[in-house]
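The values are calculated or read from the model by the stated rules, or taken from the named source; none is laboratory data. A quick note: this is a predicted structure, and the numbers were derived from the prediction, not measured. Here Cβ is always computed from backbone atoms with ideal geometry, including for glycine, and neighbour counts include all displayed protein chains. To get the accessible areas, we keep the full protein, side chains included, count just its heavy atoms, and leave off ligands, DNA and RNA. Shrake-Rupley method; radii C 1.70, N 1.55, O 1.52, S 1.80 Å.
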Amino acid sequence: NHQIDSTDEPTEAVTQFNSFAEFYPFYWSQHQDKTCRRLHFVGSTLGLLGLGAAVVTGKKRYIAAGIVAGYGCAWVGHFFFEHNKPATFKYPLYSFMGDWVMYAQSLGIAPRLARFVNSKELQTILSE
């Protein structure tokens, strides 16, 4: 069960999730638009390419470029297609984890990854 806490803004509530398993259904609800999900996939791929380029060349700027490209694509998806605020703003760690679960699901490899994860809750999410 999660708890709702009020913020300074009277019209907005922040949900406190007790686990990633509680968070992921919310995360998924914020990614119903196919174009938004595709932009997340492109952004995550660009992030991985930036990381790979940094490893190969030793130039850290590629990591920064990958982060900017990754979040840029995702945020375009949210603001222009999904019409919501990215979960990253309020739940940075869980949102980052959710991005990679959704990436694995997009590739169709999530169920295979589940067997390599020690967390039972993450195994359950990956197996869905």
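The table that follows gives values for the structure above.
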| read-out | value |
| --- | --- |
| Flag if PHE41 is closer than 22 Å to THR124 by Cβ and surrounded by 14 or more Cβ atoms within 10 Å (Cβ to Cβ) | no |
| In segment 86-120, the residues that are of a type in the set (D, E, K, R), open to solvent by 70 Å² or more (accessible area, probe 1.4 Å) and not in a loop (DSSP other than H, G, I, E, B) | ARG112, LYS120 |
| Residue tally, condition open to solvent by less than 50 Å² (accessible area, probe 1.4 Å) and either under 18 Å from the mean Cα position of the chain (by Cα) or under 15 Å from GLN30 (Cβ atoms) (or both), over segment 53-85 | 10 |
